[in-house]
Structure formats: structure tokens, C-alpha cells
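Participant: Once you've had a glance at the structure underneath, I'll fire off some questions.
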Amino acid sequence: MIGIDFSQVWGILGQLGEGMGASVMIFALTLLFSMPLGLLVAFGRMSKWAPLHFLEKEETKQPVSLGGRIKAAVLGFKPIQFIVKIFIAILRGTPLMLQLIVVFYGPYYLFGMQLPRSYRFIAVLIGFSVNYAAYFAEIYRSGIESIPVGQYEAAAVLGYSKSQTFRRIIFPQMAKRIVPPVTNEVITLVKDTSLAFVLTYEEMFTIAKQIAAKEASILPLFVAGVFYFIFNFVVAFVMERIEKAMNYYR
Amino acid sequence: MKKYLALFLTMAMSVTMLAGCGGGEQPAQDNVETPADSAERTTFTIGFDAEYPPYGYRTDAGDYEGFDIDLAQEVCNRRGWELIKQPIDWNTKDMELNSGSIDCIWNGFTMTGREDSYTFSEPYVDNSIVFVVLADSDIQTAADLAGKVVVTQADSSALSALESEDNAELTASFATLEQIADYNSAFMNLEAGVDDAIAVDIGVAQYQLQSRGDKFRMLEEPLSTEQYAIGFKQGNTELRDQVQETLDEMLADGTFDEIVANYTDYNLDQMVCLGK
Amino acid sequence: MKVLEINHCNKKFGDNEVLKDISLSVSEGQVVSVIGPSGSGKSTLLRCATLLETMDGGDLVYLGEYAAKADAEGKAVYSDKESLKNIKKNFGLVFQNFNLFPHYSVMRNITEPPILIGKRPKDEVYREARVLLEKMGLSDKEDAYPFQLSGGQQQRVSIARALAMKPKILFFDEPTSALDPELTGEILKVIKDLAAEHMTMVIVTHEMAFARDVSNHIIFMDGGVIIEEGAPQDVINSPQQERTKAFLGRFQQ
């Protein structure tokens with residue numbers, strides 16, 4: 001019943017190999033952009049900047065009345081943190097597929113801009129990078145907040161500036177702590193690259209579907225599945241090595 | 001705190017700049033789009049469903065081919081345009097066309113019933129919507145579909161035919177009418193017994209029957225008859241006229257029929273209607 | 001000149017007055033121990049002195065330079081960032097929990113601050129660090145990471161780290177509290193050796209016998225005020241104030 005024609009498999013492999021290149025490109029560039037962007041988002045999320053805070057008097061610090069509480073909430077309002085929180089909530093709370101569609105068609109429907117051909121790939125990258133930045137930001141934040149306050153104090157007494165403290169003391173320790181959750185995200189990203197098919201960017205899954213239609217066969221989809229599995233096997237292996245490399249201290 | 005603010009601003013700027021990249025190339029595109037400059041048109045981007053053989057599909061070499069693409073290529077050759085073959089998701093074809101990422105939809109695109117939404121070329125293929133069932137199915141006529149699960153492509157002409165008033169009674173007799181993203185999945189479903197029948201354009205049906213052997217058969221009586229044409233953005237008559245002019249030339253000197261002859265396997269020679 | 005001077009220091013956490021009008025001064029070579037029950041404000045005083053907390057009112061002066069100066073209403077006004085950065089070079093702090101940098105080797109923990117912050121030549125810093133490690137009895141631990149060391153060893157590394165910055169005054173915040181009792185001795189010995197070398201030190205501690213032996217001035221704090229201060233013999237052996245007596249009495253039992 002299920003006769004597999006191996007010459008057909010080789011043909012599929014060749015074509016999917018090209019698609020794999022596109023998938024790897026989306027994957028690598030998304031990581032390249034989203035990981036630093038996520039750090040900026042994490043800073044915004046942790047921002048304690050409260051422009052009205054200076055109006056706050058001693059008495060309002062422990063409000064009892066409702067009016068007092070509202071006043072305290074207004075005076076303690078942190079605009080950057082608030083905006084970034086909403087940003088993260090939207091990106092984590094809506095489907096990535098929808099976000100890709102919005103990024104690609106948004107410029108036309110919102111501003112009437114005509115879209116050049118090259119924008120298809122840029123839209124894929126923006127959609128993935130911004131979405132993953134939101135996830136990475138929360139991972140970074142949990143990592144940064146898990147570093148004991150004593151580390152900041154020791155650095156401060158030794159004369160480290162804020163940025164020196166972050167770069168040399170906090171960031172390396174955070175990086176070690178976040179490897180397991182980041183591995184999860186990275187593996188998810190490999191599979192998520194297939195969502196680029198909604199913009200018909202010719203990555204592996206889009207091509208697999210097209211070959212399946214041409215060959216009138218389900219086989220290309222299975223082969224694509226094997227490719228994704230191998231891709232993730234490599235990713236998991238690399239992440240494990242990184243985790244081990246960071247295990248020289250506890 | 002100032003540092004965080006600065007970082008945040010940097011972030012906001014980088015996002016804007018990224019977004020700006022898309023807009024940055026836009027003026028060039030505008031030149032191509034505006035009718036006044038169309039004399040300088042250098043590219044012609046067709047949007048097609050690459051999962052819709054024999055009209056458009058992916059070859060083993062990784063290129064896109066098919067009846068419609070061959071026609072478009074010949075038009076471009078004669079006009080001196082570069083043909084850009086842009087596969088699209090059929091569900092978002094209107095967004096693609098409106099946003100200017102494609103110049104036309106040229107892919108077994110049914111004009112019947114859509115005349116008011118697009119600027120169409122002359123129809124060039126007579127297409128029927130047919131039902132495909134498993135070869136050993138006991139379904140023989142449309143009437144036998146009562147209580148059965150019928151599937152068709154989302155946003156397809158087969159779907160609009162089934163939803164039209166003429167066929168309301170028939171459609172109401174189905175157990176359900178399911179929509180699916182592409183016909184390949186539909187045939188997989190049918191083979192797996194999830195669905196009982198597929199409503200599909202005859203060209204696609206013949207391609208599938210050709211490729212998949214004798215597992216399937218078509219019901220003899222078509223659901224409806226309709227016509228394929230090339231769909232341009234509403235009001236873009238100038239580009240439509242240019243393409244139509246070249247198509248007519250191709251018909252006159254026999255090139256059109258030569259292209260059709262390559263697709264006789266799928267009975268396209270019996271279906272073309274341009275100039276008839 | 002006084003190495004450290006604190007005048008009329010006040011500190012509140014919300015409505016809770018933690019430090020009330022505290023004044024103290026430390027001369028060069030002096031070893032001052034601060035004792036008192038928990039919650040007496042002695043740790044907060046140390047954190048104010050090391051700029052980890054800001055005082056609400058009063059002066060904070062290192063070697064004649066004002067880190068904070070009281071304005072006409074007594075409110076503490078801190079100097080600009082640049083001056084504070086310079087003033088920080090005068091003091092070191094040894095934490096209760098060591099707070100070593102876990103991702104750095106012992107050597108890097110000690111050498112990075114003088115090279116990075118002190119801008120001193122690498123080879124000189126490394127040479128001095130080796131001398132310090134030898135003094136701490138840790139010569140063989142240069143390349144070890146903090147997690148590979150016992151608590152007592154970690155605390156000795158953190159003392160070496162503080163000393164590598166060549167501070168004029170060294171603060172200790174309960175340096176033995178996080179250690180198993182059998183490990184406290186090694187730390188106390190190191191501090192005694194430093195005292196013998198006339199290192200200026202302020203030590204917040206629960207070790208009464210040690211405080212008496214090592215320091216030449218003792219401050220007893222309770223409820224955010226200095227209750228009694230003076231020579232170790234006087235304060236520990238014949239306290240004048242009831243609260244001091246009660247506190248010491250609890251320790252002697």
C-alpha cells in the first residue's frame with residue numbers, strides 16, 4: 001500500500017534542502033535581532049522611571065484612603081514600564097501568524113504604502129524578531145531578577161559603575177541561568193519558522209506544501225518533518241554544549 | 001534611569017528603522033505602479049497559488065511552472081518585462097493585490113461572480129466545478145451527496161458556486177461543507193475517508209486524477225460552469241489592456257495554442273475559450 | 001586627620017527611625033567595633049557609611065572630603081557622582097555573605113577591581129594579589145572558583161578582594177555570622193593580623209570577646225542611638241548604662 005519511491009525522495013530532499021537554507025536564514029537572523037532587542041525590552045520592562053514621583057510626599061507613601069491610593073498610583077506611574085508591559089502582553093497574547101500578517105499588510109492598510117517585493121522577507125524577520133524579543137525579554141528579566149542583590153552591592157562598593165556592574169557581573173551570571181528557558185524558545189523558533197508560509201515566503205514548509213501539491217503526495221510533508229527534527233537535534237546539541245561550557249562555576 | 005530611557009529610545013528607533021526599511025524602497029515601487037509611468041514598467045509580478053497544478057506549481061528543479069505561468073512568461077517576453085512569479089496564500093490574495101506586492105492574480109482565477117471586485121481580462125478558460133469521490137464510492141450523482149461531508153478550498157470558485165442561490169438546495173443537503181486551505185490536503189482527506197467528496201475546478205480534478213491513478217473518479221454531471229480570467233486591481237485597466245493586447249497577438253499568431261498543446265493531458269485544449 | 005567622620009546622621013525607613021543623630025569618628029589605625037542587638041541600626045549605619053544607603057540627614061566625611069554634607073535644615077546633600085567615585089576608593093567592605101563573584105576565579109575576584117577601577121598595571125596587581133593570598137593562606141586556590149571553597153576560605157578571599165583596592169579604612173559587616181562556628185576562628189585571626197598592621201577598621205560584630213581583644217574603641221548601639229562608647233575594657237567589663245549591661249548580660253550567660 002505505502003510504496004516509497006526512493007528517486008522521488010531524493011528529488012524532494014534536494015528541493016527541501018534549498019527551503020531548509022531559507023528556514024535556517026529566518027532562524028539565524030531572528031535570533032541575531034531578537035536576542036539583543038529582547039534585552040532592551042527587558043530594560044524597559046524593569047524601568048522604574050516615574051516622572052511624577054518627585055511630587056510624592058512622605059505622607060502618601062502608606063495611603064489608607066481610596067483617594068490616597070489613587071494619588072499614590074498616579075504619582076508612582078511608570079510610563080516606560082507600562083508601555084513595555086502592554087507591548088509584551090500583545091506579542092505574547094496574539095498568534096504569531098496574525099502578527100506576521102499585520103506586519104506585512106499593515107503598511108498598506110494603515111498608511112496606503114505600496115509594498116516592494118523585498119518587503120516580504122523583511123516582514124517575516126520583523127514579525128519573528130519582535131515576537132521573540134518579547135519572549136526573550138521576560139526570560140532575561142527573570143534571569144536578572146534572580147541575581148542576589150549582594151552582587152550589585154559588592155560591585156558598587158568596589159567602585160563599579162552601573163554599566164560595568166551589568167556587563168561584567170550581572171549579565172554573565174544571567175546568561176548562565178537563562179540557558180534552559182532560552183533553549184526551549186530556540187527549539188520552538190525552529191518549528192515556528194514554518195509559519196512564514198502565511199506570507200508565502202519560500203521556506204521549507206511552504207516548499208514542502210507546494211511539492212506535495214505538485215506530486216499529489218503527502219510524502220514531502222513527512223520529509224520536511226524529518227528535516228525539522230534534524231535541525232532541532234543540532235540545535236539541542238549546540239545548546240547542551242553551551243550549557244556545559246558555562247558549568248565551570250555554580 | 002536615564003540610561004534605561006536612552007536604551008528604550010534606541011530600541012524604539014531601531015524598530016522604526018527596521019519598519020522604515022520596508023518604506024524606504026517604496027518610491028521606486030510607486031514608479032512602477034503609477035499608470036503615468038507604466039511606459040517604464042520593467043517587471044510584471046503575477047500572484048499564483050503554487051499548490052494549484054496544472055495552472056501553477058513547483059517543478060522538481062525548484063522553479064514555478066504551469067499553464068498560466070507559461071502564458072504570463074510569453075506576455076512578458078513580448079512586452080520586454082521581467083516576469084516575477086510570486087506564490088501567494090490563496091486566503092490573502094486580495095491583500096496581496098491591494099498592497100501592490102503583486103500586479104495581478106493569474107492562476108485559474110474564476111471571474112464568474114467576482115466581476116465587480118476586480119478588473120478582469122477576457123476569459124480564457126471555460127471551467128466547470130465538478131465533484132470528485134473515491135472510485136469505489138456509491139455516490140453517482142449530486143443527489144447522492146445528501147448527508148455527506150463535502151470539502152472545497154476556502155475562498156475558491158467552487159465554494160462560491162456551492163454557496164450561490166442556484167445550488168442552495170444541494171448545499172443544504174450536505175452533512176457539512178468543509179473548507180480547506182489547499183486541494184492536496186482535500187485529496188488526502190478524501191483518501192483517508194475523512195470526507196466523502198471534493199468540489200473542485202475540473203482542471204485541478206483532472207490533474208489529480210492523472211497523478212493519483214484510479215483511486216478517484218469524477219461525477220459526470222458538473223456542478224456549474226464558469227470562466228477563468230486574469231484579475232487585476234480594481235480600476236487598473238491600463239495594465240489589463242496591455243496584457244490583453246499581447247494575449248490577443250499570441251492567439252492570432254498561434255503561440256497561444258502552442259502553449260495549450262503542452263497541457264492536453266489535462267484536457268486544457270477542450271477548455272480554452274479565448275477568442276472563441 | 002580623621003579617616004571617617006559621621007555627624008548627626010539620621011535615617012528613616014518610612015515611619016521607622018533607624019538611626020537617630022548618630023555621630024562617630026575613626027582615626028587612622030583605629031579599630032572600632034560596633035555591637036548591639038539586632039535591629040539596633042548598626043548594620044544600617046555601616047551601609048550608610050559605605051554609600052549603600054543614603055542618609056536622610058547629617059554629614060559623611062572621608063579624610064576631610066564630604067561625601068554628604070548637611071544643609072541649613074540638617075538634610076544630607078550628597079556630592080556629585082565623580083567625587084563619590086573618588087571617595088569610594090578610600091573604603092572597602094567585607095560582607096556577611098561574602099558576595100564574591102561566582103563566575104570569576106579567586107584570582108580574578110581579587111585582581112579585576114584594581115585593574116578595571118583602580119586603573120593599575122596588571123603585573124603589579126597580580127603580584128600584590130599573590131602576596132595577599134599567601135597572607136590569607138590561600139596560595140593554592142588562585143584558580144579555584146568560589147563554589148569550590150569553604151565559607152571561611154570564601155570570606156578570606158573577600159577580605160583579600162577588599163584589601164587589593166588598598167582602602168584607607170575597611171568595614172566588616174558581621175563577617176563571621178554566616179560561618180559555621182568552627183570556621184569563625186580563621187577569620188578572626190585574619191582581622192587580628194590586620195589590626196596588628198594598624199589597618200583602620202570598623203567591625204560590626206556579635207563576637208564580644210573578639211571585639212574586646214581586637215578593638216581600641218567600642219560603640220554599643222540600641223534603638224538607633226549610641227548608648228555607650230569607650231575603651232573595650234570600660235564598655236565590656238564595666239558598662240555604665242542599664243541597656244548595655246542587659247545586652248552584655250545575655251551574652252555572658
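A short reminder: the numbers here are calculations on the coordinates, not readings from a lab. None of these values were measured; they are calculated from a predicted model. Note that we place each Cβ from the backbone using ideal geometry, even for glycine, and neighbour counts take in every protein chain shown.
Participant: Go through A:246, A:239, A:204, A:174 for me and flag whichever is over 22 Å from residue B:85 (Cβ atoms), buried (at least 21 other Cβ atoms within 10 Å of the Cβ) and not aromatic (Phe, Trp, Tyr).
Facilitator: None of the other options fit; the residue is A:174.
Participant: Going by what's in this entry, would residue C:162 be described as surrounded by 21 or more Cβ atoms within 10 Å (Cβ to Cβ), in contact (Cβ under 8 Å) with a residue 60 or more places away in the chain and out of contact with any helix residue (DSSP H, G or I) (no Cβ under 6 Å at 6 or more places or on another chain)?
Facilitator: Taking the combined requirement at face value, the residue satisfies it.
Participant: Moving on. Restricting attention to segment A:218-250, and to residues there that are touching a residue at least 24 places away in the same chain (Cβ under 8 Å) and closer than 30 Å to residue B:57 by Cβ, which single residue is nearest to the chain's Cα centre (by Cα)?
Facilitator: The extreme case among them is A:232.
Participant: Continuing with the same structure: Please state which one of B:182, B:155 is surrounded by fewer than 17 Cβ atoms within 10 Å (Cβ to Cβ), in contact (Cβ under 8 Å) with a residue 60 or more places away in the chain and closer than 30 Å to residue B:243 by Cβ.
Facilitator: B:155
Participant: Check every one of the strands (runs of 3 or more DSSP E) wholly within segment C:195-239 and list those with 1 or more residues that are touching a Gly at 6+ places or on another chain (Cβ under 6 Å) and of a type in the set (Asp, Glu). Working first, answer last.
Facilitator: Working: elements: C:201-204, C:217-222, C:225-230.
Strands (runs of 3 or more DSSP E) meeting the threshold: C:217-222.
Participant: Another question about this same structure. Pick out, from segment A:117-225, the helices (runs of 4 or more DSSP H) lying fully within it that include 2 or more residues that are within 9 Å of another protein chain (Cβ to nearest Cβ) and of a type in the set (Phe, Trp, Tyr).
Facilitator: none
Participant: Going through segment C:134-155 one residue at a time, which ones are over 20 Å from the mean Cα position of the chain (by Cα), under 20 Å from residue C:194 (Cα atoms), part of a helix (DSSP H, G or I) and not small (Gly, Ala, Ser)?
Facilitator: Listed by number, the list holds a single entry, C:134.
Participant: Step by step: first the residues of segment A:153-194, then only those that are of a type in the set (Lys, Arg) and in contact with a helix residue (DSSP H, G or I) (Cβ under 9 Å, 6 or more places away or on another chain), then the one that is nearest to residue A:244 (Cα to Cα). Which residue is that?
Facilitator: Across segment A:153-194, the extreme among qualifying residues is A:176.
Participant: Considering C:53, C:5, which residue is of a type in the set (D, E, K, R), in a strand (DSSP E or B) and within 16 Å of the chain's Cα centre (by Cα)?
Facilitator: After ruling out the rest, the residue left standing is C:5.
Yes or no, residue by residue, for (1) closer than 19 Å to residue C:217 by Cα; (2) crowded, with 17+ Cβ neighbours inside 10 Å:
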| position | (1), (2) |
| --- | --- |
| C:1 | yes, no |
| C:4 | yes, yes |
| C:15 | no, no |
| C:19 | no, yes |
| C:40 | yes, yes |
| C:51 | no, yes |
| C:54 | no, no |
| C:60 | no, yes |
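Participant: Would you mind stating whether residue C:85 is within 13 Å of chain A (Cβ to nearest Cβ), outside any helix (DSSP H, G or I), of a type outside the set (Phe, Trp, Tyr) and out of contact with any Cys (no Cβ under 9 Å at 6 or more places or on another chain)? Talk me through it step by step, then tell me what you get.
Facilitator: Working: within 13 Å of chain A (Cβ to nearest Cβ): yes; outside any helix (DSSP H, G or I): no; of a type outside the set (Phe, Trp, Tyr): yes; out of contact with any Cys (no Cβ under 9 Å at 6 or more places or on another chain): yes.
When the stated conditions are applied, residue C:85 does not pass them.
Participant: When the residues of segment C:104-127 are filtered to those that are assigned to a loop (DSSP other than H, G, I, E, B) and without any contact (Cβ under 8 Å) to a residue 12 or more places away in the chain, which remaining residue is farthest from residue C:43 (Cα to Cα)?
Facilitator: C:121
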